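Before any comments, here is the structure.
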Amino acid sequence: MGHKGKSLKARVLGRDLLEDEITPQESRMQVQMKVNGKSVSVDAAPNTLLVTALREHLKLTGTHVGCDTAQCGACTVHVNGRAVKSCNMLTAQAQGAEVTTIEGLAHADGTMHPMQAAFKECHGLQCGFCTTGMVMSAVDIANRHPKASETEIRELLEGNLCRCTGYQNIVKAVQQGSAAMKA
């Protein structure tokens, strides 16, 4: 830590560079958005990815960084009700948006969202690394394709990778969670 709360951004020639050394303070911006129902302001460089703002600035670490190339889906969050890969979106693009992370999916009383409960009940996870992105994508699938078949669910989950499972229990969880969301 030793950097008095500043984010470490790079290591060049054996020297740690802090975020404000890479991006001068005058080129930073205040991004206003709602995250999990709360209004927040993020002081960020113009090139700050949404996943970085969520994890490092807002300390919402349920959103995972897997590939940094929008291939694996571990960083999936909802922006204005749609699933997006937060490693492929600039924080500035979320100006005025409503962002929901896995931390904001559960009900206010702490009860799991029906999709979270379905993943638990159907054993739709193993190591858990992909689970948060998978659940966020599954909720989006259930909202946009409430009558999706098993084949359609598999196709719609194509952008979310899991190295541990054969997807059978994940698909079962999406079906069960989708049905529970309709009830």
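Look at (1) under 18 Å from GLN168 (Cα atoms); (2) in contact with a Gly (Cβ under 9 Å, 6 or more places away or on another chain) and you find that ILE102 fails only one, number (1). Counting only helices (runs of 4 or more DSSP H) that sit wholly inside segment 77-183, those with at least 2 residues that are under 26 Å from LEU58 (Cβ atoms) and of a type in the set (Val, Ile, Thr) are 131-144.
Could you say which residue among VAL42, VAL51 is part of a helix (DSSP H, G or I) and either free of Cβ contacts under 8 Å to residues at least 12 places away in the same chain or in contact with a helix residue (DSSP H, G or I) (Cβ under 6 Å, 6 or more places away or on another chain) (or both)?
Values: VAL42 fails: part of a helix (DSSP H, G or I).
It is VAL51.
Of note, VAL135 does not satisfy the criterion of being touching a residue at least 12 places away in the same chain (Cβ under 8 Å) and in the same structural domain as ALA45 (by TED's automatic domain parsing).
Determine whether segment 88-98 contains at least one residue that is under 14 Å from SER137 (Cα atoms) and at pLDDT 95 or above.
No, segment 88-98 contains no residue that is under 14 Å from SER137 (Cα atoms) and at pLDDT 95 or above.
Can you pull out the residues in segment 83-117 that are among the charged types (D, E, K, R), closer than 17 Å to GLY37 by Cα and touching a residue at least 60 places away in the same chain (Cβ under 8 Å)? Steps first, please.
Looking only at segment 83-117, we keep the residues that are among the charged types (D, E, K, R), and these are 85, 98, 103, 109.
After this cut, where a residue has to be closer than 17 Å to GLY37 by Cα as well, the list is 98, 103, 109.
Matches in segment 83-117: GLU98, GLU103.
The residue list THR111, THR69, THR63 contains one member that is surrounded by 15 or more Cβ atoms within 10 Å (Cβ to Cβ) and among the polar types (S, T, N, Q), which is THR63. Which residue is surrounded by the most Cβ atoms within 10 Å (Cβ to Cβ), if the candidates are limited to segment 38-59 and must be farther than 13 Å from THR76 by Cα and of a type in the set (A, V, I, L, M, F, W, C)? This residue is ALA53. Scanning segment 135-152 for residues that are over 15 Å from THR76 (Cβ atoms) and at pLDDT 95 or above yields HIS145, ALA148, SER149, GLU150, THR151, GLU152. Can you name the residue in segment 142-177 that is free of Cβ contacts under 8 Å to residues at least 12 places away in the same chain and of a type outside the set (D, E, K, R) and, of all such residues, is surrounded by the most Cβ atoms within 10 Å (Cβ to Cβ)? Per the criteria, the residue is HIS145.
The values are calculated or read from the model by the stated rules, or taken from the named source; none is laboratory data. Given the structure is predicted, the values throughout are model-derived calculations rather than measurements. Cβ sites come from the backbone with ideal geometry, for glycine too, and all protein chains shown count toward neighbours.
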